[in-house]
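Enquirer: The following block contains the structure, expressed as structure tokens.
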Amino acid sequence: MKKKVLKVLVWSIGVLFIVSYFYWFLPIWGMPFNSQRHGNPPLTPAWALECWLWEDDVNNSEIVDELLAGYKAHDIPVRTIVLDSPWSLRYNDFEVDTLLYKKPDKWFKNLENEGYRVVLWMTSMVDSYSKDTRIKHDSVWYQDAMKKGYLAKSKSANTWWKGKGGFIDYSNPEAMRWWRSMQQNIFDLGIDGWKLDGTATLFWSDVLGIPFFYKNTADGLMSARTYMNHYYRDEYEHGLTQNPEFITLSRSIDRGYHPEGFAPIDASPVNWVGDQEHKWVTDEMLAEENDKVDIALDGIQGFESAIENILESAELGYNIVGSDVAGFSGKTIPPRLYIRWAQFSTFCGLFLNGGHGERRLWKRSQEELEIIRKFSWLHTELVPYMYHYVVTAHDGGRRLQSPLKKGKYHYMFGDDFLIAPIYKDTKNRVVSLPEGQWRYFFDDKELMDGGSTFTKEFPIDEFPVFVKEGAIIPLAVKRDYTGFGNRASDGFLTVLIYPNTSNSFIYYDTLTREQTIISYQKNRKELKINISGNKVGHILKIYSETVPQKIILDQQELNQKQWNYDHILNKISVVSNLKYSKGNYTIKY
């Protein structure tokens with residue numbers, strides 16, 4: 001009897017496993033075949049590493065113009081503007097609604113002339129009903145596309161959060177010709193990317209009231225996971241045919257929906273981690289801390305969950321990842337949350353300042369404006385450093401962010417920065433330094449030994465960032481907010497050096513990818529620095545507790561106008577244009 005029961009139990013478990021696998025794990029998550037669908041991250045263009053801006057309370061050209069004018073007037077850097085939904089007559093008809101965005105040909109061209117990049121929201125849906133657009137009901141458009149085979153086959157329209165419709169069939173060449181011909185209206189405006197929202201994960205059929213995560217396409221039965229791969233990969237690849245610096249903004253990890261990652265990594269030039277509220281902590285996390293895990297919660301995301309999702313994305317191999325600074329939605333944005341989220345985003349590949357809530361910093365507190373401006377510029381200055389890891393990740397090497405096992409939410413930003421994000425509304429943070437020697441980035445005079453754990457108070461205008469002794473950090477400095485230079489630094493590559501015994505760093509030109517190798521060797525008597533490869537005008541900022549006796553460049557001693565020593569900051573500064581010969585420096589102590 002016991003053997004019979006055991007046999008039935010084993011068979012039941014086996015059947016349940018098989019059903020679960022083919023119902024969920026294979027069509028939704030693609031497991032265990034995900035390593036086969038991921039390649040190396042693409043070469044994200046340098047412009048996408050600069051600061052992004054958007055807002056989602058009012059969507060029209062007047063608001064965009066006001067935002068950009070205000071940020072410019074208050075000297076807050078913005079490179080990319082996102083136009084979220086709605087901007088079209090119907091979702092994904094790729095016809096600009098001229099009541100929202102007047103004279104689009106002229107307006108988009110003006111943005112381009114002023115140096116802005118433009119990314120537009122889209123999905124893979126062709127709707128019979130669109131929630132927020134000027135044309136809300138158009139069953140003829142939907143039915144015509146379905147009859148012509150342009151959509152994945154379906155007896156009824158699929159419901160999604162902004163309407164009802166069908167999924168464009170990426171496996172049908174005729175459907176693609178139709179789809180791309182509509183998109184060409186927007187490509188002709190000179191856009192730089194798509195924000196690909198997550199409708200592809202809803203790719204399912206209704207079978208007796210039960211979702212079945214497959215649909216019939218021109219290629220036959222297609223799973224949701226396969227459709228997601230088409231959506232993210234095909235839209236990115238086609239965009240590159242229109243613009244060699246085209247990007248897509250897509251989800252990487254968003255809660256537990258797709259632990260394998262939404263977009264394929266090789267089709268992920270830029271990622272974000274979905275929608276969070278203007279909150280410090282996710283409700284589930286708060287419940288766990290209070291031992292109330294049995295209470296049913298709504299799963300609303302906060303700042304802490306954004307950090308978790310970004311680090312999980314990095315663990316999977318995504319490279320340029322971020323979140324909506326201060327969260328996507330909610331009633332109001334708490335000032336300290338806005339500041340801390342912006343500081344964290346400074347040390348992510350994507351700085352995405354946007355969502356609901358007041359984003360006109362000049363209408364918020366002076367403290368918020370000044371601190372967020374400072375860290376926005378710091379993120380912009382770090383572009384040469386970040387771009388190095390765009391190239392190395394593309395070549396199969398180091399990613400930009402590497403989570404650490406020791407220290408809650410600790411991660412390496414490149415090889416040279418330890419980040420320990422403040423994730424609660426407090427100034428205190430427990431920090432665990434990895435092995436080696438470290439300096440606190442915002443007051444770098446003290447050298448600290450690694451392997452230690454301590455609690456430190458971080459004022460609101462600083463953040464737990466530690467730089468490794470020996471580091472070489474290339475910066476693009478254009479302002480004086482961060483203390484690394486000023487407007488006169490524009491046009492030069494500023495290089496921070498914290499000399500140890502020896503090190504080297506490859507700086508890649510962000511347009512040509514030509515290499516400049518920055519290296520040094522140090523002993524008690526002298527520091528030798530070499531700038532080889534592609535010549536760049538540069539400003540060296542070298543930490544030194546000793547005033548140099550003299551500095552020699554290519555066998556010529558520099559005069560006091562060519563270098564100086566800051567006794568307060570313990571920094572040697574050397575300025576050199578492109579006229580140097582071999583780039584061999586010797587600093588004598």
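Enquirer: What's the extension gain from residue 216 to residue 449 if we count 0.36 nm per residue and subtract their Cα-Cα distance?
Expert: Extra length available between residue 216 and residue 449 comes to 77.8 nm.
Enquirer: GluC sites (Glu not before Pro) within the stretch 402-462: which are DSSP loop residues with at most 14 other Cβ atoms inside 10 Å?
Expert: 435, 446
Enquirer: If packing is taken as the mean number of other Cβ atoms within 10 Å per residue, what is the order of 524-534, 106-116, highest first?
Expert: Ranking, from highest mean packing down: 524-534, 106-116.
Enquirer: Shifting gears a bit: Run the Debye formula on the Cα coordinates of the stretch 55-110, all scatterers equal and no solvent, and tell me log10 I(q)/I(0) at q = 0.22, 0.28 1/Å.
Expert: After summing over all Cα pairs, the log10 values are -0.90, -1.26.
Enquirer: Here is a follow-up. Gain in length, residue 102 to residue 490, computed as 0.36 nm per residue apart minus the alpha-carbon separation, to one decimal in nm?
Expert: Contour length minus Cα-Cα distance gives 136.2 nm.
Enquirer: If packing is taken as the mean number of other Cβ atoms within 10 Å per residue, what is the order of 311-318, 178-185, highest first?
Expert: The densest-packed peptide leads the list: 311-318, 178-185.
Enquirer: Order these peptides, 197-203, 564-570, 38-44, 124-130, by their mean beta-carbon neighbour count within 10 angstrom, highest first.
Expert: Per-residue mean Cβ counts within 10 Å order the peptides as 124-130, 197-203, 38-44, 564-570.
Enquirer: Could I ask something else about it? To the nearest 10 square angstrom, what accessible area does residue 222 show with a 1.4 Å probe?
Expert: Its accessible surface works out to 10 Å², give or take rounding.
Enquirer: Post the alpha-carbon centroid distance, the stretch 549-589 to the stretch 378-396, in whole angstrom.
Expert: Taking the Cα centre of each part, the stretch 549-589 and the stretch 378-396 sit 27 Å apart.
Enquirer: Rg/Rh for the chain to two decimals, with Rh computed the Kirkwood way over all alpha-carbon pairs.
Expert: When Rh is taken as the Kirkwood radius, the ratio is 1.01.
Enquirer: Can you grab the distance from the C-alpha centre of the stretch 195-265 to the C-alpha centre of the stretch 431-486, Å, no decimals?
Expert: Going from one Cα centre to the other spans 40 Å.
Enquirer: Moving on. Label-point separation (nm) for residue 573 and residue 112, each offset 7 Å from Cα along Cα-to-Cβ?
Expert: In this crude label model, residue 573 to residue 112 measures out at 3.9 nm.
Enquirer: Also: Cβ under 14 Å from residue 455's Cβ, residue 455 left aside: what net charge do those residues give with Lys, Arg +1 and Asp, Glu -1?
Expert: With Lys, Arg at +1 and Asp, Glu at -1, the net is +4.
Enquirer: Rounded to the nearest whole Å², what accessible area per residue is found for the chain with the 1.4 Å probe?
Expert: 43 Å²
Enquirer: Select from 250, 23, 421 the residue farthest towards the positive end of the dipole of the chain; place +1 on Cβ of Lys and Arg, -1 on Cβ of Asp and Glu, and compute about the Cα centre.
Expert: Towards the positive end, the residue furthest out is 23.
Enquirer: Can you give the helix-only mean residue ellipticity at 222 nm for the chain, where every DSSP H stretch with n ≥ 4 adds -39500 (n - 2.57) and the sum goes over all residues, rounded to the nearest 500 deg cm²/dmol?
Expert: Taking each H run of at least 4 residues, the total per residue is -8000 deg cm²/dmol.
Enquirer: May I ask you to list the GluC sites (Glu not before Pro) in the stretch 338-420 that are in a DSSP loop and have at most 15 other Cβ atoms within 10 Å of their Cβ?
Expert: Of the GluC sites (Glu not before Pro), the ones in loops of the stretch 338-420 whose Cβ has at most 15 other Cβ atoms within 10 Å are 358.
Enquirer: For residue 581 and residue 22, calculate 0.36 nm times their separation in residues minus their Cα-Cα distance, and state this gained length in nm to one decimal.
Expert: The span from residue 581 to residue 22 would gain 194.7 nm if fully extended.
Enquirer: Suppose each label sits 7 Å from its Cα in the direction of the beta carbon; what would the residue 456-residue 65 distance come out to in nanometres?
Expert: It works out to 4.7 nm between the two label points.
Enquirer: Which loop trypsin sites (Lys or Arg not before Pro) in the stretch 403-432, with loop taken from DSSP, have no more than 16 other Cβ atoms within 10 angstrom of their Cβ?
Expert: Answer by residue number: 405, 406, 408, 424, 427.
Enquirer: Structure shown: which of 72/427; 445/468; 468/582; 456/478; 102/164 lie over 22 Å apart, alpha-carbon to alpha-carbon?
Expert: Where the Cα-Cα span goes over 22 Å, the pairs concerned are 72/427; 468/582; 456/478; 102/164.
The values are calculated or read from the model by the stated rules, or taken from the named source; none is laboratory data. Model, not experiment: these values are computed from the prediction. Heads up, the Cβs are rebuilt from the backbone with ideal geometry, glycines too, and the neighbour counts pull from every protein chain shown. With ligands, DNA and RNA removed, areas are computed over all heavy atoms of the protein, side chains included. Shrake-Rupley method; radii C 1.70, N 1.55, O 1.52, S 1.80 Å.
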